[in-house]
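Structure first, commentary second.
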Amino acid sequence: MFAFALWDGRERLVLLARDPFGIKPLYYAADQGQFRFASQVKALLSGGVDGQISPAGVVSFLTCGYVTEPHTWYRSIKAVPAGSTVVLHADG
């Protein structure tokens, strides 16, 4: 089980990865020209990420009984789905 982030200084990119079973959580937010990531949603919210409720997250919860990935309760915050990677280049 794992969730991690790697910065490649030569290529100027960050790689986020999550284990195939989704045991360890990993969330990210890209807003106001900044990219942030954390293992808990509350860390992103306390770091200034917009806390507006996500309509997709609410619909997901009401239809499935839980919020399906990559959605979260918050519009600006996404979950890295189990067994997935996210790559972001420094130039956007």
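Just so it is clear, none of the values below were taken in a lab; they were calculated from the coordinates. Note that the structure is a prediction, hence the values are computed from the model and not measured. Because the Cβ atoms are built from the backbone with ideal geometry, glycine has one as well, and the counts that use them run over all protein chains shown.
Among the residues of region 44-51, is any assigned to a helix (DSSP H, G or I) and in contact (Cβ under 8 Å) with a residue 12 or more places away in the chain? Yes, there is a match, as at least one residue in region 44-51 is assigned to a helix (DSSP H, G or I) and in contact (Cβ under 8 Å) with a residue 12 or more places away in the chain.
For region 11-34, a residue qualifies if it is under 10 Å from the mean Cα position of the chain (by Cα), surrounded by fewer than 17 Cβ atoms within 10 Å (Cβ to Cβ) and part of a strand (DSSP E or B), and exactly one does: ALA30.
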